[in-house]
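Working notes, beginning with the structure itself.
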Amino acid sequence: MKFIAPGEEVIACSGDPTVRIYNAASGGTVRDFPGAADFVQAVAAGPTWLAAGCQDGKLRIWTVADGKLAHTLEPSPAPAKP
């Protein structure tokens with residue numbers, strides 16, 4: 001999938017475990033990105049990927065073309081206190 005044009009598609013997360021791309025003109029869903037185990041708190045995207053930072057501390061990365069989860073990055077453990 002290619003983004004149609006700047007401003008025509010919008011990425012959104014709304015307090016549930018799914019990120020969605022919407023068509024801004026029609027309001028319809030273009031693609032869902034499920035797979036987050038907890039609330040999505042932040043999103044970022046490039047032409048071929050979409051990433052979401054989740055409340056569980058994990059970063060999930062999907063491929064835009066097919067909506068498949070490509071990677072899940074675990075948070076680094078906190079350093080031990082002396």
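Tabulated results
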item: Percent of C-alpha pairs per 10 Å bin, region 9-68, short to long; result: 25, 57, 17, 1
item: Placed amide H near VAL64: partners under 5 Å, 5+ positions off or other chain; result: TRP49, LEU50
item: ALA24 long-range amide H proximity, modeled H, under 5 Å; result: GLU9, VAL10
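FYI, it's all coordinate maths here, none of it is from the lab. Keep in mind the model is a prediction, meaning the values are calculated, not measured.
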